[in-house]
Every structure is written in C-alpha cells, then in structure tokens.
1. Any chance you could check the Cα centroid distance between segment 89-125 and segment 45-65 for me, in angstrom?
2. If I model a spin label at residue 76 and residue 33 as a point 7 Å from the Cα along the Cα→Cβ vector, what separation in nanometres do I get?
3. Nearest 10 degrees, 0 to 90: what angle lies between the long axis of helix 3-26 and the longest principal axis of the chain (Cα atoms)?
4. Relative to the first principal axis of the alpha-carbon coordinates of the chain, what is the inclination of helix 28-58, with its axis defined by its Cα atoms, in degrees from 0 to 90 and to the nearest 10?
5. Note the listed values (1) -0.35, -0.77, -1.26; (2) -0.31, -0.70, -1.27; (3) -0.46, -0.77, -1.13, then indicate which one is log10 I(q)/I(0) by the Debye sum over Cα atoms at q = 0.10, 0.15, 0.20 Å⁻¹ calculated from this particular structure.
6. Give the shape of segment 36-92 as rounded, prolate or oblate, defined through the alpha-carbon gyration tensor: a ≥ b ≥ c are the square roots of its eigenvalues, a/c under 1.5 means rounded, and otherwise the shape is prolate if a/b is larger than b/c and oblate if not.
7. What nm distance separates the two modelled labels at residue 92 and residue 61, each placed 7 Å from Cα along Cα→Cβ?
8. Could you check the simple spin-label distance between residue 121 and residue 13, using points 7 Å along Cα→Cβ, in nm with one decimal?
C-alpha cells in the first residue's frame, strides 16, 4: 500500500473514531430528545411554583390543598406531563414547605438546574414564607 493511501485511511479511521466518541459522550439524538422532554417537565414544575405561591398568598395565607384552578389565580401552567399524561404530584411537607414531583427519564441530568431538586425522587422542594396574621 502506498504511503498516501495509508494517510487517507488513517485520517478516515480517526474521523470515524472521533464521531463515534462524540456520540457516546453526548448520547446521540435519542438522548437529546429525552433531555428535552425532561427539561419541559422541569419547566412545568417551575411554573407550578407560581401557582402555589399565588394560591397560598391569596387564599388564606396557607399552602393550597391541591393545584386545581381557582378564581383568584389563573396561570396557564400544565398540571400533567405532556408526554405521558401523568399528573404532576404536589405534596405539602409542612406549613411553609411543599414539593412538586414528576417522573423524569434521567433526573440526574437536571440536578444542576436547582439546588432544591432531588433527582432520586424527581421532586422540586420549595419553601414559602407565609404570615398567618394576614
């Protein structure tokens, strides 16, 4: 084999290897779609924090029992997963703390988005300061 052909083959193999390594590192198109679905779920949970805050501050200064629509607060926030149809979970932890949860495909990738997010449970923990005197 001539030296110029060896060089062409070497560069070709190196290029294919780099593309394969990049796909392994990034995860390919399927991983990108999964990441986008999880980001949408996380954004939905963040939007629901506004619903909780509004309902808590306008309806008795206590955390709401649920995230149902109310006359005092209208937010166009999804209350269910747009991909599975499963409802997001809302749970009161104590008087001023609650959590919003979803079923994520790879929650560990979201752990850097919010310090109050627990990737093991898929829950976003939030605290709200409520003045019972109001």
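Any read-out appearing in this document is the output of simple, stated calculations on the displayed coordinates, not a laboratory observation. In this text, all values refer to a predicted model and were calculated from it rather than measured experimentally. Backbone-built Cβ (ideal geometry, glycine too); neighbour counts: all protein chains shown.
1. Value for the Cα centre distance between the two parts: 16 Å.
2. Each label point lies 7 Å from its Cα, and together they span 2.7 nm.
3. Around 10 degrees separate the two axes.
4. The answer is roughly 10 degrees.
5. Correct label is (3).
6. Verdict is prolate for segment 36-92.
7. Going by the 7 Å Cα→Cβ label model, 1.6 nm.
8. Those two pseudo-labels are separated by 5.3 nm.
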